[in-house]
Amino acid sequence: MKNSKHTIVLLIITLVFFGLNSNAQSSDKREQLKSLKIGFISEALDLSPKEATDFWPIYNFYQDKIHKFYYQNRSIRRELKSENFEGMSDSKASDLLDRLLKTDKDIYTEKEVMFEKLQSILPSKKILKLHKSEDGFNRKMLEHYRKRKEGQKR
């Protein structure tokens, strides 16, 4: 029964994902990806109704906070790409490094707090499954993105 449930959920996720409209606005795409991620994580964790009721508000709150730090981190990395390191001053390099380290630390800190709060409602095994499923979801999205890019090049 579990395998057929798993297959059905993955099929739904795949169909929804492939149904993403490339002309949709970025906020719509973000919401669709968020929905896909929720489905993926829900399937991976197999939360009880009580666990789900307690889990999702905590998870969503911290994901919003972490997302802001990822956005800052991406902005810094873009800035690094555009910089000419030969012409960069030491003070500019130091500033970029400090900002990069701070956002990395902030991301880690928020994840740590989230995992601590989740330990009060989920067993540690499910929290590890959460971490693994987030990585798995990101890997699947990256694979899909690469396949789409290859298809566009042809």
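Quick note: the coordinates plus some simple rules give every number you see, no bench work behind them. Fair warning: this is a prediction, and the values are worked out from it, not measured in the lab. Virtual Cβ from ideal backbone geometry, glycine too; neighbours counted across all protein chains shown.
In plain terms, the chain from Lys125 to Lys92 could stretch by 7.5 nm, reckoned as 0.36 nm per residue minus the Cα-Cα distance. With semi-axes defined as the square roots of five times the eigenvalues of the C-alpha gyration tensor, the equivalent ellipsoid of segment 49-121 measures 36, 11, 6 Å, largest first. Of the cross-linked pairs Lys29/Lys117; Lys68/Lys126; Lys81/Lys147; Lys68/Lys111; Lys34/Lys140; Lys50/Lys125, those separated by over 20 Å at the C-alpha level are Lys29/Lys117; Lys68/Lys126; Lys81/Lys147. For Arg77, neighbours were defined as the other residues whose beta-carbon sits under 13 Å from its Cβ, and their charges (Lys and Arg +1, Asp and Glu -1) total +1.
Given the Cα-Cα distance of Val113 and Tyr70 and 0.36 nm per residue of separation, how much length would full extension add, in nm?
Details: separation 43, 0.36 × 43 = 15.48 nm, distance 1.63 nm.
Roughly 13.8 nm would be gained on extension.
Under the 0.36 nm per residue contour assumption, what length would be gained going from the current alpha-carbon distance of Asp46 and Glu150 to full extension?
Values: separation 104, 0.36 × 104 = 37.44 nm, distance 3.43 nm.
Between Asp46 and Glu150, full extension yields an extra 34.0 nm.
By the beta-carbon count within 10 Å of each Cβ, the least crowded to most crowded order of Lys34, Lys125, Lys65, fewest first, is Lys125, Lys34, Lys65.
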